[in-house]
Structure formats: structure tokens, C-alpha cells
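Q: Following this message is one structure expressed as C-alpha cells.
The values are calculated or read from the model by the stated rules, or taken from the named source; none is laboratory data. Worth saying up front: this structure is predicted, and the values here are computed from it rather than measured. Cβ: placed from backbone, ideal geometry, glycine included. Neighbour counts: every protein chain shown. Heavy atoms of the whole protein, side chains included, go into the accessibility calculation; ligands, DNA and RNA do not. Shrake-Rupley method; radii C 1.70, N 1.55, O 1.52, S 1.80 Å.
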Amino acid sequence: MLKAGITMQGTLHEQYGIKNQDAIRIFEAAGFTGVIACDGVSLKSDWTFSNSELAAALVSKASQAFLENRLDKNLNPDHVCDQIRDAFLFSLAVLKDALEQAGIPFFDCQTTLIIALYKDGLLYGGIAGDGGILYQTKLHNSGTMITRLKSSSSVYPIGDTEEWRFFMGGSKEDPVVRFLAATDGVFDQLIIPYDGLPAGNYALIDKLFSIENIPEDEQGRWLQEQIEALEGHDDKTVAIIMDTDREAEIKKDESRDLQDRDLKDRGLDLKEPGNTTDREAEPENSDPESPDPECSKKDDSEKENSDQTCTVSKLDSDPENSPAK
């Protein structure tokens, strides 16, 4: 399993001496690979800078602790999103209690929350606020998990419980093989609204997923260089997870399929030992160097009716949008 993540202070916060208000966590629990990303809401109700890095750090830590305690290797897949929802509720309660003790107004120290859990080709997600999750599957399909298309700088953080959304992606037939979770500083450059629909910046998406071709001890530095090169003044956070074992099996299967198709195209069909194709008996005195015309016709027919390999084209992102509030 390839796991890489980074969070970086944005140029605006650097200019005004404000700390990076994003947070990211990557963890393993009960066979799940988990990602938690938070983006602190920079401004208070009076439009001054907040200390929402505290909210991002607290909520991300509480979410991970809850999931590590509650996830079970035998958990029914239908109940995973319930655990994510409970993690949201627990983290919100922890944040409320901490802010009350510190005397900080609740909506003056808020954060978004993204939770992604992956296991056995299935991806589960929960999102409060902006940013999102993007995934790709075995059959080269793509999907996104977002609360809504970004149309302004306003955001609905974890405190707006009616804006929480939960998702599930992948299937036994078409499992997820890779995904990334990112706050809006990165995600808004991957998925861009176009004519009311999400459009994927596949050049950048493919570039980030090409991290699998980078030596393991260089992946951290490489990812930092890619994120530093992105435009925008916001803090930037992303985590990339790739099921390298599953991808290796898929590539092996695809290579075998290509070899089989090549053999069929050349009229050479490999068969299991002992298996033969039923055909009419040849005349007893036939010349082996002069095949019976009827047999030749049948060979051609069999070749024309042989199985064909289908190629599935890459699809555009499939959003799961919530209605406007």
C-alpha cells in the first residue's frame, strides 16, 4: 500500500504570520487504511483571522482516536459509514467542549472535516465542508465525493451538521484501486466547475498518481515539489493512497488478456491440456499437407466467433452533489 501525504502553509497565511490551519492524518486500523483532512476556517465572524488551526488539529485527532477504537475487521461494509458519522458526532462534541472551556465562540473556531476509509477495494467517505475525495477503479472509471460544487469562498464546516454528506465507492466487480483526499487548496485545482458540472483536471490528477513511479524514499520530497508548484494562496493539503498489490494483480491480468488476444488475432488459441475442439472427422486417406476445405471453413468460422476483449473508456468524474441549502 502506497501512502503519502503533505500539508503546507499558504502564501496568504505566510504573509500575515498566520499558522497553517490545515491538518492531515493517515493511519491503519482493523484492516482499513484511513485518511483524515481538516481545513480550519480562517476568518471569525468579525472578519479577523481566527485560530482555527486549533479546531483542525483537535477534530482530526479526535476522529482518528474514535475510529481506531471503533473499527473492527469483521465490520459489515453497510455499517462503515455509520462509524464515520459517529466519528463526526464525537469530534464535534470534543470541539464544542474545548471551545466552551477556552471561552471561544463556537463559530469563531471552525474546521472542515474529510474522512476516507479504504478496505478490500471499497472506499467510504464523509465530508463536512469543501475539499473532497477523488478515486479511480480497476476498470479505469473515476468518481468524486463532494458536498457540492464550489461556487464561492463560503463554506459549511463541521458545525453545520445538516451539510454533512456520506458516500461509498467501488464494488466487487469494479474495485477502487487508488484515491486521494484533499482540502480545497488542492482539490479545487483537480475538480473545476464547468457549466454546472464537475470537470476533472486529468493532467494534474494523473501527475499526482504517478507518485507510484517515484522511489519510495523520494516520494515525500517529490510530492512537496508538486504541491508547492500549484497556484493559489490557500493552505494546501493532500493524501494519496494506492493499493499497489491490487494494481499489480490487475496489470498482470491485463497483460495476460493482451497476450491471449494477440494469440487469437494470429489464429493461435491456447487451450488447456487435453482439450480439443469438436470437428468433423477427416477422410481416412486425406493428405495431411492438403487440409480438407470443409475443415478450413470451420476453422475460419471458429476464429470469427472467438471471444473479444472489451476496453472500458475512462469516464468523467461522477459527482454526488447535495441540493443547495
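Q: Report the gain in length on full extension from N69 to D160: 0.36 nm times residue separation, minus Cα-Cα distance, nm rounded to one decimal.
A: Taking N69 through D160 to full extension adds about 30.2 nm, to one decimal.
Q: Once you charge only the Cβ atoms, +1 for Lys and Arg and -1 for Asp and Glu, what is the size of the charge dipole of the stretch 36-149 about its Cα centre, to the nearest 20 debye?
A: 300 debye
Q: Explain nothing, just the number: dipole magnitude of the stretch 64-214 about its Cα centre with +1 on each Lys and Arg Cβ and -1 on each Asp and Glu Cβ, in debye rounded to the nearest 20.
A: It works out to roughly 360 debye.
Q: How do the peptides 214-226, 103-115 rank, highest first, by the average count of neighbouring beta carbon atoms within 10 Å per residue?
A: Descending packing order for the listed peptides: 103-115, 214-226.
Q: May I pose another question? Work out from phi, with θ = phi - 60° and the Karplus expression 6.51 cos²θ - 1.76 cosθ + 1.60, the ³J(HN,Hα) of each residue of the stretch 122-138, listed in order in whole Hz, and give x for Gly and Pro.
A: Once θ is set to phi - 60°, the couplings for the stretch 122-138 become 10, 10, 10, x, x, 9, 10, x, 9, x, x, 10, 10, 9, 10, 10, 4 Hz.
Q: If you don't mind, there's one more thing I want to ask. Could you tell me how many cubic angstrom of Cα convex hull volume the stretch 107-237 has per residue?
A: 134 Å³
Q: Filter K3/K61; K44/K96; K61/K207 down to the pairs with a C-alpha to C-alpha distance above 22 Å, please.
A: K61/K207
Q: Ignoring ligands, DNA and RNA, what accessible area per residue does the stretch 62-128 give at 1.4 Å, in Å²?
A: On a per-residue basis, 44 Å².
Q: R0 = 22 Å: FRET efficiency of E216 with E28, Cβ-based, nearest 0.05?
A: The calculated FRET efficiency here is 0.85.
Q: Between Q101 and Y202, what is the spin-label point distance in nm, taking each point 7 Å from the Cα along the Cα→C-beta axis?
A: According to this spin-label approximation, the distance is 5.1 nm.
Q: While we're on this one: Across bins of 5 angstrom width beginning at 0, how are the C-alpha pair distances of the stretch 84-150 distributed, in whole percent?
A: 3, 14, 20, 18, 16, 11, 7, 5, 3, 1, 0
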